[in-house]
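Novice: Dropping the structure in here first, questions after.
The values are calculated or read from the model by the stated rules, or taken from the named source; none is laboratory data. For clarity, every value in this text was computed on a predicted model and none was experimentally measured. A quick note on method: Cβ atoms are made from the backbone with ideal geometry, for glycine too, and the neighbour counts reach across all protein chains shown.
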């Protein structure tokens, strides 16, 4: 006994063979064959809906190939770095900084004694704040990739602790001073 | 897919970005180390403007053989971060830095002389 699916498949194959036979036997033109196959594939158009004309088909194809509208929404420029003229002390400081960076990269954390680090931090902290208070504001590090967020938080936290300040006091002072 | 003109190469400096709408798509075009990269501007997390946030080098923690930390360091590869919730994507591939299966749709960028085109 055949299953309903098998019966449907057999019926479908029979219909298809019959359709092919009738199309080849009756001496149809090429256009008629194309229309016949289209009708088999897409179904017959309803009486209400007019068949698509060739003009409509060409128009639809043309709109598909039409160039898309390009609209520039925003331009985001890279930050501009203005170089300032150097001097002997600055050159020396850069060389020293590069030497320290090399030590950090190689994992040699004992290259400087704590006393030497304290002396450097103290001097740089004073030098930077004097410049800012004098109106000579510049970024404390060269760019966003100079130090990690962890580096910044550890150092900021240590500096605040060294002078017994809390984070809320920093926030309050910043809102008052605008610095 | 057709080449869409988006600007002149001379107007793109290294590190510059441009957000364009092409048809229904919104695309972010980056110029990084002389190369162009273009990605969908819709973050795969919640649809934020993925290409408009911070660009930042990838951070990695270096370890000694005994697994103690040598600290966090920036690597040479660059990422861009969605400003909404911080989804971070690799500039060269568009993959999320943690989960490589999360990948922004990438568009090809073609330069012809001084003209820059996105294939979209």
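Novice: Among the numbered criteria (1) modelled with pLDDT of 90 or more; (2) within 14 Å of chain B (Cβ to nearest Cβ); (3) not in a helix (DSSP H, G or I), which single criterion is violated by residue A:101?
Specialist: Exception for residue A:101: condition (3).
Novice: Can you tell which of A:170, A:159 is assigned to a helix (DSSP H, G or I) and touching a residue at least 12 places away in the same chain (Cβ under 8 Å)? Talk me through it step by step, then tell me what you get.
Specialist: Details: A:170 fails: touching a residue at least 12 places away in the same chain (Cβ under 8 Å).
Of A:170, A:159, the one residue that is assigned to a helix (DSSP H, G or I) and touching a residue at least 12 places away in the same chain (Cβ under 8 Å) is A:159.
Novice: Another question about this same structure. Tell me, please, whether a residue that is surrounded by 18 or more Cβ atoms within 10 Å (Cβ to Cβ), closer than 20 Å to residue A:149 by Cβ and within 10 Å of chain A (Cβ to nearest Cβ) can be found in region B:35-43.
Specialist: Within region B:35-43, not a single residue is surrounded by 18 or more Cβ atoms within 10 Å (Cβ to Cβ), closer than 20 Å to residue A:149 by Cβ and within 10 Å of chain A (Cβ to nearest Cβ).
Novice: If I go through region B:15-29 residue by residue, how many of them are buried (at least 21 other Cβ atoms within 10 Å of the Cβ), out of contact with any helix residue (DSSP H, G or I) (no Cβ under 7 Å at 6 or more places or on another chain) and more than 7 Å from every other protein chain (Cβ to nearest Cβ)?
Specialist: Residues flagged as buried (at least 21 other Cβ atoms within 10 Å of the Cβ), out of contact with any helix residue (DSSP H, G or I) (no Cβ under 7 Å at 6 or more places or on another chain) and more than 7 Å from every other protein chain (Cβ to nearest Cβ) within region B:15-29 amount to 2.
Novice: Follow-up. So in region A:70-98, with the set limited to residues that are within 21 Å of residue A:137 (Cβ to Cβ) and assigned to a helix (DSSP H, G or I), which one is nearest to the other protein chains (Cβ to nearest Cβ)?
Specialist: A:97
Novice: Yes or no: residue B:114 more than 23 Å from residue A:149 (Cβ to Cβ), loosely packed, with under 12 Cβ neighbours inside 10 Å and either in contact with a strand residue (DSSP E or B) (Cβ under 9 Å, 6 or more places away or on another chain) or within 12 Å of chain A (Cβ to nearest Cβ) (or both)? Show your work before the answer.
Specialist: Details: more than 23 Å from residue A:149 (Cβ to Cβ): yes; loosely packed, with under 12 Cβ neighbours inside 10 Å: yes; either in contact with a strand residue (DSSP E or B) (Cβ under 9 Å, 6 or more places away or on another chain) or within 12 Å of chain A (Cβ to nearest Cβ) (or both): yes.
Yes.
Novice: Hey, can you tell me all the residues within region B:82-96 that are over 13 Å from residue B:30 (Cα atoms) and in contact with a strand residue (DSSP E or B) (Cβ under 8 Å, 6 or more places away or on another chain)?
Specialist: B:82, B:83, B:84, B:87, B:88, B:95, B:96
Novice: Inspect all residues belonging to region B:78-85 and state whether any of them is within 11 Å of another protein chain (Cβ to nearest Cβ) and surrounded by fewer than 18 Cβ atoms within 10 Å (Cβ to Cβ).
Specialist: no
Novice: Moving on to the next point. If you check B:12, B:5, which single one turns out to be surrounded by fewer than 16 Cβ atoms within 10 Å (Cβ to Cβ), within 12 Å of chain A (Cβ to nearest Cβ), at pLDDT below 95 and farther than 15 Å from residue B:106 by Cα?
Specialist: Of the residues listed, the single one that is surrounded by fewer than 16 Cβ atoms within 10 Å (Cβ to Cβ), within 12 Å of chain A (Cβ to nearest Cβ), at pLDDT below 95 and farther than 15 Å from residue B:106 by Cα is B:5.
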